[in-house]
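The structure under discussion appears below in the form of structure tokens.
Only the coordinates and a few stated rules stand behind these numbers; no lab work does. Only a predicted model underlies this, so the values are computations on that prediction, with no experimental measurement involved. Here Cβ is always computed from backbone atoms with ideal geometry, including for glycine, and neighbour counts include all displayed protein chains.
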Amino acid sequence: MPSLTMAPTQGDLVKYDDNPDYTRETVTLLAGTSYPLGAVLGKITASGKYKLATATGTDGAQTAVAVLLEAVDATAADATGVVLARGPSIVADAQLVYDATVTTAAQKAAKIDQLKAAGIVPRTAA
């Protein structure tokens, strides 16, 4: 009998969310990529759009400010998505997806610290 593999769900990512009406927002995701559930996002200062939080940069998106709560395909055009934008919230660290430029442990720790500043606390144990 073949085994089935289920993709991660929002329940795998979000471990505690005090008030979804307060902690979540609908945002515009920058075109050009497909964003997975758990994407760590930064906000572009000039446009207000969100993209994967980069390790370095000057457009504002180098600071992690939100976590995407659903997979969104924005390859062809800007798209909307629901994000965890503030806390108090706890997310599973293992479900977070970083930009390709975030490669070292120190860079990932910096993104986690930035999320914590927004009240979004990544935890390794649920």
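Other residues with beta-carbon under 10 Å from the beta-carbon of Leu84 carry, at +1 per Lys or Arg and -1 per Asp or Glu, a net charge of 0. Under a 5 Å amide H cut-off, with hydrogens placed 1.01 Å from N, Val65 pairs with Leu41, Gly42, Lys43 among residues at least 5 apart or on other chains. Each of Thr26, Thr5, Thr101, Thr63 was scored by other Cβ atoms within 10 Å of its Cβ. Listed from fewest to most, they are Thr5, Thr26, Thr101, Thr63.
Each residue of the range 104-121 was assigned a 3J(HN,Hα) from its phi angle through the Karplus curve 6.51 cos²θ - 1.76 cosθ + 1.60 (θ = phi - 60°); the sequence is 9, 4, 5, 5, 5, 4, 5, 5, 5, 4, 5, 5, 4, 4, 8, x, 9, 9 Hz, with glycine and proline shown as x. Note that the range 18-123 shows a convex hull volume over its alpha carbon atoms of 87 Å³ per residue. Annotation: the range 81-126 has a Kirkwood hydrodynamic radius of 11.1 angstrom, from the mean reciprocal C-alpha pair distance.
In deg cm²/dmol and to the nearest 500, what is the mean residue ellipticity at 222 nm of the chain if only DSSP H runs of at least 4 residues count, each as -39500 (n - 2.57), divided by the residue total?
-4000 deg cm²/dmol
Once backbone amide H atoms are built at 1.01 Å from N, Val102 has Ala55 as its partners under 5 Å, excluding neighbours fewer than 5 places away on the same chain.
Selection among Thr80, Ala118, Thr104 by position relative to the dipole of the chain gives Thr104 as farthest towards the positive end (Cβ unit charges, Cα centre).
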